[in-house]
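Take a look at the structure below.
The values are calculated or read from the model by the stated rules, or taken from the named source; none is laboratory data. Just so you know, these numbers come straight off a predicted model, no measurement behind them. With ideal geometry, Cβ positions are generated from the backbone for all residues, glycine too; neighbour counts draw on all protein chains shown.
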Amino acid sequence: MKLKEIYSSKKPVISYEVFPPKDDDSGEKLENLMKELNLLKQYNPSLISVTYGAGGSTRGKSEEIVCRVKDELKITPMPHFTCVSTDKTTIRTYLKKLENAGVKNILALRGDLPQDGICCHDFLHASDLIEFIKKESSLAVAAAGYPEGHIEAESLEKDIEYLKLKVEKGAEIIYTQLFFENDKYFHFVEKCANARINVPVIPGILPVTSYKQLSKMTSLCRVTIPYDFLDKIEQHSDDNDYVKKCGIEFTQKQCAELLENGVQGLHFYTLNKSYAVSNILENLRQSAG
Ligand code: FAD
């Protein structure tokens, strides 16, 4: 199914993001991921997105997961694709391969710039990649949005200008970076609407399950952590069970508020684990009666 059809649903669309496991020569981690996704399947996800290592470092594994999501789980996959350090010919070949495999959607990204600053310059921005994908394929394209502004952006306003360009070039839906303050997301959605960005802006949700993981994630992007929540888990940072419990409670409330405000979907950053997301979706299901 293509993105437009998926998001024409009257019910909020549940989707998950997973990543290709690292150091997985035996394939055991991949099998574990498939088990976790099988557990998460009971919450009727409409889409599973699969990340892509910048520069193509995880391409083979990403492709394998995409195909298994489609063929074994019978769920629509959405591969991510990044355009740093690659060229038009490689991208063209990859797009053909995806289409031949029956893939219908793609999340088009620039990717993080290499630390040495050296990269190929066929495409400088995600908007260039989106334009190319629309010309070269029939894939439906999604793009990334940043409720608090991308880390390199000079301002949120400027970032939204470029987001608009991504939509003008053909992005049909926006998935946001993780955020913890819903007001930041609501403000962002309002600003997008004011800028005449008329596509769904789907919130990206990260259930916090460890203090270390939270520190790592938040060091990589611009995101505010509510003081009360941070204080609570900082005081018990070594107690993983406590942090997980607080994280699940926090995210469940966050999701409930987003749903009350009519979001078209929830896109969960699962980190390849089912426990937190299952708990949250089960509790939301029960409270919805
Ligand atoms: P762009 O839209 O190109 O924006 C990058 C920066 O350039 C922004 O600061 C923007 O304001 C600015 N900009 C954009 N267009 C222009 C222009 N025309 N002129 C001047 N400046 C411009 N990374 C991975 O490596 N693999 C993944 O699978 C992956 N998945 C992701 C999924 C989601 C939902 C999100 C939110 C992020 C993901 N990322 C992934 C991270 C992403 O690659 C980085 O955030 C990257 O730094 C920016 O990618 P982008 O597509 O948003 O880039």
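Remarks
- Residue within the range 105-113 that is over 16 Å from Y175 (Cβ atoms) and either within 12 Å of the ligand (Cβ to nearest atom) or surrounded by fewer than 17 Cβ atoms within 10 Å (Cβ to Cβ) (or both) present: yes
- Count of the range 1-44 residues which are more than 22 Å from V201 (Cβ to Cβ), of a type in the set (S, T, N, Q) and loosely packed, with under 13 Cβ neighbours inside 10 Å: 3
- Residue within the range 120-133 that is under 15 Å from Y52 (Cβ atoms) and more than 10 Å from the ligand (Cβ to nearest atom) present: yes
- Note on the range 180-223: residues that are β-branched (V, I, T) and more than 24 Å from Y16 (Cβ to Cβ) total 1.
- When the criteria are applied in full, K158 fails the requirement of being free of Cβ contacts under 8 Å to residues at least 12 places away in the same chain and under 19 Å from P79 (Cα atoms).
- Residue in the range 12-27 that is part of a helix (DSSP H, G or I) and away from the ligand (no atom under 12 Å from the Cβ) present: no
- Just one of the listed residues (T90, T82, T86) is modelled with pLDDT under 95, touching a Leu at 6+ places or on another chain (Cβ under 6 Å) and not hydrophobic (A, V, I, L, M, F, W, C), namely T82.
- Applying the condition of being more than 10 Å from the ligand (Cβ to nearest atom) and under 24 Å from L206 (Cα atoms) to the range 161-178 and asking which residue is farthest from the chain's Cα centre (by Cα) yields E172.
- Test: residue in the range 82-98 that is in contact with a Phe, Trp or Tyr (Cβ under 6 Å, 6 or more places away or on another chain) and of a type in the set (S, T, Y): yes
- Among the candidates T224, T251, residue that is more than 26 Å from L47 (Cα to Cα), under 19 Å from the mean Cα position of the chain (by Cα) and surrounded by 14 or more Cβ atoms within 10 Å (Cβ to Cβ): T224
- All conditions but one from (1) of a type in the set (D, E, K, R); (2) under 26 Å from M78 (Cβ atoms); (3) in a helix (DSSP H, G or I) apply to D228; the one that does not is (2).
- When G55 is tested against the conditions (1) within 13 Å of the ligand (Cβ to nearest atom); (2) within 27 Å of H121 (Cβ to Cβ); (3) at pLDDT 95 or above, the lone failure is (3).
- Checking each residue in the range 138-150 for being more than 7 Å from the ligand (Cβ to nearest atom), in a loop (DSSP other than H, G, I, E, B) and either closer than 16 Å to T82 by Cβ or modelled with pLDDT under 95 (or both) picks out only L139.
- Odd one out for A193, checked against (1) within 18 Å of the chain's Cα centre (by Cα); (2) among the aliphatic types (A, V, I, L, M); (3) within 21 Å of G204 (Cα to Cα): (1)
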